[in-house]
Amino acid sequence: MKEAARLTINITELIRDYRMMKREIDRLQNILYGRSVPMRSWGVAQWGIEATLPKGSAGKSQAELKDMDIRGQKQIARLEEYQRRVYAIEIAGDCLDRELLKVVYDCMLDGMTRQEIAVHLEMSRDSVDKLRSDIKAQIGTNTTFPNFCMVRNVLCKMEGR
């Protein structure tokens, strides 16, 4: 029971902090790489002739990482963690079983308050609260959500990000 409550709190915090993390990812990518990297290209393999052509790394080399100061190393670690969390939260919406829940979830990720969601969907705030609870429960009971967070973290480390 405690584990389910802790996971629900974490999901609530992830949803609440989602927009801040997206902004911070852009800021850190601009500082570290000089540009923002679109999320859809995180971990995407290339196919065809492009896959065979030589290309430079989007990340920093091991030599550059060793030469970075402590602040830069912490920024890279925070960037990787935020990318993992944002990706997991965006994918989590796929596990919802009703379209209404997906709409409410998108509204939550857009930063809408429960009052704004209620007005948008023409329902009561209590109904929105119930839907929000259902969303958190479905994501929390989805066994692939915590596993996906772990796998995503491993993938980022393998790719050198």
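For the range 83-91, in order, what is each residue's ³J(HN,Hα) by Karplus, 6.51 cos²θ - 1.76 cosθ + 1.60 with θ = phi - 60°, in whole Hz (x at glycine and Pro)?
4, 4, 5, 4, 4, 5, 5, 5, 6
Suppose the chain between Arg27 and Val103 were pulled fully straight at 0.36 nm per residue; how much longer would it get relative to their current alpha carbon spacing?
Difference between extended and current length: 24.5 nm.
Only the coordinates and a few stated rules stand behind these numbers; no lab work does. If you're wondering where the values come from, they're calculated on a predicted model, not measured in any experiment.
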